[in-house]
Structures are given as C-alpha cells and as structure tokens.
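All remarks here apply to the structure that follows.
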Amino acid sequence: MNGLLLLGEPNELLADLRTRLTDQSVSVYEYGRNQEALDALSSWETDKNPIDRIIFGPATIAHDLPRSLGEVDDLAQAHEEAVLSFLLQLQAAGRLLARSGGGQIWAITQEQSARYLFPLPTSPIDSYARRAAVKSFAREIKRMDVNVNCLDIQFQMDQTPDDQWRVMRNRVNIYASRLRHQAIASFSKFLCDLLNQDDLPMSGLVVPVGIGLTEQNI
Amino acid sequence: MRKLAKPTILITGASRGIGAAIAQHLATDGHQFALCYRSDKQAAEDVAAKVEAKGARVETYQADLSDPQQALELPVRVAHELGGIDVLIANAGMAKDGPFLTLTSEQITSVIQTNLSGTLRLAGSCVPFLEQSEAGRIILLSSLGGIFGTDGQVPYSASKGGIIGMTQWLGELLGPKGIRVNAVAPGFIETDMTMQLNQDRIQPFLDFSALRRIGKPEEVADVVSFLLNPGYVNSTTIRCDGGFAR
C-alpha cells in the first residue's frame, strides 16, 4: 500500500484508521465530501503522491418524516446532493486508480436495521444507492485492476451512549450474548487488514461487519 | 377518512411500458386513475382510452419529475381535481447508459434527479393525502439493478438502490399510520427501451434467469396489483425477475 485517501466527514472510524495506517508509514490524505474532494481526486498527481487506496466515509442524513412541501424538498435535495457527490467522487476515484495502476476503493455504508432499537443517524437511501453503484461499477473497472467494495457496518457502539446501550441490550436480551460491546477499533483493524492485502480477492461485494443482529435485508 | 370504494391511483410514467401495463391491468378493478406522462401526450391519451374502456375514470397529467417544483405539485394537482389520492405508483424513470468513467456529470445528475430525488419529492408530497385514505399505499418501482447492480448502468442502479432504501425508510415511518410502502424490482422486461438492445446485450439476462426468458410488463403489473392489498407485507422490495442469479 502506497497511499490512502480518506473522503468524508471526520468520524471515529476514519480517525482510528488514519492512526493505524500512519503507524505503518502509509501516507494518508483526508478530504471532506465536497467539491474540494472532487477537485483533489481529479487533479491528483500520483507521481508526487502515490495513491492506491481510497475510502469513502459513511453519510448520515436526518430522516424525520417531512411535513411541509418545503421540508420534502429539503430532504430530497439533501439526498440528491449526497448521492451525486458520492457518484461523482467514485467516478473520479476510479479514473485516478485506473491511470495509476490499480488499487482498492471502499465505500462505508451503515446497515440501518438497528435504528428500530434506538435512534441512529442512518441513511438507508444513501446506503442502498452506494451499494448498487459499487456493485455495478466494480464489474466495469475490475479489468483495470481496481477493486471496489462496500463495508457495511451495522452500528458503531462507541457512538452509543451507555444508558441507551443498556436499554437496547435489555430489549433484545435473548440475543444478549451477541450484543456484546465491539469497539470501533475492531472495525478499523478489519478494514486495515483488507487494505493491506494487495491481491484482494473481493470486488463488487457488500461486506457486512457487525454482530449478527440483521444482515442486509431487502 | 376516505373510503376505498373508488380509490384514486396516481401512476407516473404511465404513457408506455410497465406504467401503461399497470394502468391497464388495474383498470379491471374499476378504479379512478391519474396517469402522469412527461412528454408523449398522445401515448398517454391512448393508454387513458384503454383504461376508460374498462369503466374507470381517467385524467392525464403532464409533469417532468426531474423538475423539483413539478414533482412536488403533481400530487397537489391530482388531489385537488380528483378529491384525494389513495395509491401512488411511482414508476417514472430514465437511464443514461454507458461506461461509468465516460459519463458526464450532467448525465449522472439527470438520472438521479428523475429517478431518486424526483421520486422522493413525489412520495413526500403524496403523504398528507395518503394519510386521509382508508388504506393508503405507496408502490415504488425499483429494478434488479438496484439489488444486483448492472455494469453500464451505474447511476441508474444507484438510483434504484436508493428506491429500496426509500421503501424501508418510508415503510417504517408510515406503517403506524396505516400506509403500506413496498417496491417491485423488475428484472429484464420487454419494453420499448429494452427492445432497442441488441441480442448480445439481452442474452446474458436470459442466461441468468431461471425462466430463461424476458419478462412481460403485465407480469410486473401482477405484482403491483398484489401490493394494493399486501396484508402483512411492508417495507419490502419484491423481485420480479424470473429467478435471476439465485
């Protein structure tokens, strides 16, 4: 692995991943999910700063039921911007890695079923759009030695306040043995191991990471 | 609360293909229809005539769902003129196919605006009227591409994947209000759009289908008809794909 580009709003998972890879002497660059990221991808000079791994952080959009036409429009606009931003950056990421000899692209999505247990800032519209885009694009770009996958995380327990965590655990106590606390560091380590494998035998996949509560139900 | 003796059904993309088949299929039940089309008024009126011939009341509406204002206002127009909306069947969609690395941002944007945010605006604007119905229904048209992915159709697949997420999200929020939200994901269906493809493009779909044939629009309409009275089925996307790559 020569270099990693992290795209998305800062969060604990990306921060842990950055620390882990920096310790391995991998160059890590970070951009938000905005025009700045798209510009960076489009004009990246791989000769100066080699890149062969790109990660898209998760997106979250408030999902209360809109009541007025204005609220409906705002929500639709937010989703439109999120999905378009992802697609345009995914395209630019593919072009970048294709012209620099290949690599890995990972899009992090959130499996949202746990929102039935407690309020989670999930975004099923964005997550499912990402998954379908990744599956489709992976088939097109695999021949250029670029592997594109999703890491589908059920939920990050470190972000769950302790009192909510206990309530949730008690509500599904029949599964208590499954609902043991997993640190974000364990997700980060798992992804880090995948990034470190140059001959990754995975493309166009949605890789579930979690505790078996639910799994990618449609 | 509106009774469902003569439910009003709003269908978008109703001038041809799957939308037209749905309208004609459901017309046997004697419903009241609002058929929406984007550009082909004559085709929409032809479909309307066939639906009316089965005893249903029909009005046609022109709207371009990629236009935010038109997507938001369509349900308001329909409810005002027909007295409410009981069922939304969001079928309108478009594709801009091609290798993803070669697509322009304008092509990608147009697909997302029509298929995803246009549908979200339409569905959101319908909700207040569906809440007034005895049994409101939202039926969204996704695609096999939204589940399985389709090379050469990255934006289209993304938009249809988003529809699956929208189905789960709206189903959760509207279920307690008595509104059922479900989606259909058609596989390779015989429409004007797919019939323009050459055999090389069609054959893989046939090879991957357990039924080894293209689906018919009427077969998608059958699933939509079921979803009008789905019982305990909610927040679900039903695949109608002949058993594609199981």
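Fewest neighbouring Cβ atoms within 10 Å first, the residues B:126, A:192 line up as A:192, B:126. Gyration tensor over the Cα atoms of chain A: the corresponding equivalent ellipsoid has semi-axes (square roots of 5 times the eigenvalues, largest first) of 29, 22, 15 Å.
Here's how it looks for residue A:30: its modeled amide H is under 5 Å from those of A:6, which are all 5 or more places away or on a different chain. Can you tell me the orientation of helix B:41-52 relative to chain B, as the angle in degrees between its alpha-carbon axis and the longest Cα principal axis, to the nearest 10? That works out to roughly 60 degrees. Summarising the strand pairing of chain A, around 0 percent of its internal DSSP beta bridges are antiparallel.
Using only Cα positions of chain B, each an equal point scatterer, no hydration layer, compute I(q)/I(0) via Debye at q = 0.12 Å⁻¹ and quote the log10 values to two decimals. Taking Cα atoms of chain B as identical point scatterers yields -0.64. With all projection directions averaged, the alpha carbon convex hull of the range B:142-246 covers 6.9 nm². Pairs of Cα atoms nearer than 8 Å and 6+ residues apart set the relative contact order; for the range A:1-108 it is 36 percent. The tail of the calculated P(r) for the range B:175-217, taken as Cα-Cα distances beyond 14 Å, holds 56 percent of the pairs. Against chain B, whose longest principal axis comes from its Cα atoms, helix B:17-26 is set at around 40 degrees. Can you classify the range A:1-63 as rounded, prolate or oblate using the Cα gyration tensor, where a ≥ b ≥ c are the square roots of its eigenvalues, rounded means a/c under 1.5, and otherwise it's prolate if a/b beats b/c and oblate if not? Note, shape of the range A:1-63 comes out oblate. When +1 charges are put on Lys and Arg Cβ atoms and -1 charges on Asp and Glu Cβ atoms, the dipole computed for the protein assembly as shown relative to its Cα centre reaches about 1120 debye. Starting from the Cα gyration tensor of the range A:92-136, take the square roots of the eigenvalues, sort them a ≥ b ≥ c, and report rounded, prolate or oblate (rounded when a/c is under 1.5, otherwise prolate if a/b is larger than b/c, else oblate). Prolate shape, in that a/c is at least 1.5 and a/b is the bigger ratio.
Counting only other chain Cβ atoms within 10 Å of each residue's Cβ, the peptide B:169-179 averages 2. Annotation: for a label point projected 7 angstrom from Cα along Cα→Cβ of residue B:104, residues of the range B:139-161 with backbone N closer than 17 Å are B:155.
Working from Cα pairs under 8 Å separated by at least six residues, relative contact order for the range B:120-239 is 31 percent. Charge dipole (Cα centre; +1 on Lys/Arg Cβ, -1 on Asp/Glu Cβ; no other charges) of chain B amounts to roughly 460 debye.
For B:208, A:190, the sequence from fewest to most other C-beta atoms within 10 Å is A:190, B:208. In the range B:115-190, the C-alpha radius of gyration followed by the widest Cα-Cα span (Dmax) gives 13.2, 42 angstrom.
Antiparallel beta bridges, as assigned by DSSP with both residues in the range B:18-150, represent about 0 percent of the total such bridges. The mean sequence separation of alpha-carbon pairs under 8 Å and at least six residues apart, normalised by the residue count of the range A:1-60, gives a relative contact order of 58 percent. Using every pair of distinct Cα positions in the protein assembly as shown, the Kirkwood expression returns a hydrodynamic radius of 23.0 angstrom.
Membrane-span-like helices in chain A (whole DSSP H runs, Cα extent of at least 20 Å along the helix axis, mean Kyte-Doolittle hydropathy of at least -1.0): A:69-99, A:124-141.
Looking at the range B:119-246 alone, DSSP beta bridges between its own residues are antiparallel in about 10 percent of cases.
With neighbours defined as other Cβ atoms within 10 Å of a residue's Cβ, the residues B:76, B:58, B:111, B:223 order from fewest to most as B:76, B:223, B:58, B:111.
Phi angles across the range B:216-231 convert, under the Karplus curve 6.51 cos²θ - 1.76 cosθ + 1.60 with θ = phi - 60°, into 3J(HN,Hα) values of 9, x, 5, 6, 5, 4, 4, 5, 4, 4, 4, 6, 5, 10, x, x Hz, Gly and Pro given as x. Taking the C-alpha atoms only, the angle from helix B:118-130 to the longest principal axis of chain B is near 20 degrees. In terms of distances greater than 26 angstrom between alpha carbons, the cross-link table entries B:6/B:50; B:96/B:216; B:50/B:216; A:135/B:177 yield A:135/B:177. Averaged over peptide B:127-138, the number of partner chain Cβ atoms lying within 10 Å of each residue's Cβ comes to 1. With N counted as the residues of the range B:107-148, its alpha-carbon radius of gyration over 2.2 N^0.38 Å works out to 1.42. For the range B:59-180, the normalised intensity computed at q = 0.14, 0.15, 0.19 Å⁻¹ comes to -0.61, -0.68, -0.99 (log10 of I(q)/I(0), Debye sum over alpha carbons, equal scatterers, no solvent). For residue B:237, nonlocal amide neighbours, meaning residues 5 or more places apart or on other chains whose placed amide H falls under 5 Å from its own, are B:183. Averaged over the residues of peptide B:67-76, the number of Cβ atoms from other protein chains lying within 10 Å of each residue's Cβ is 2.
The distance from the alpha carbon centre of the range A:32-81 to that of the range B:5-73 is 35 Å, rounded to a whole number.
Read-outs throughout are calculated quantities, based only on the coordinates presented, and are distinct from any laboratory measurement. What you are looking at is a predicted structure, and each value in this text was computed from that prediction instead of being measured. All Cβ positions, glycine included, derive from the backbone under ideal geometry; neighbour counts span all protein chains shown.
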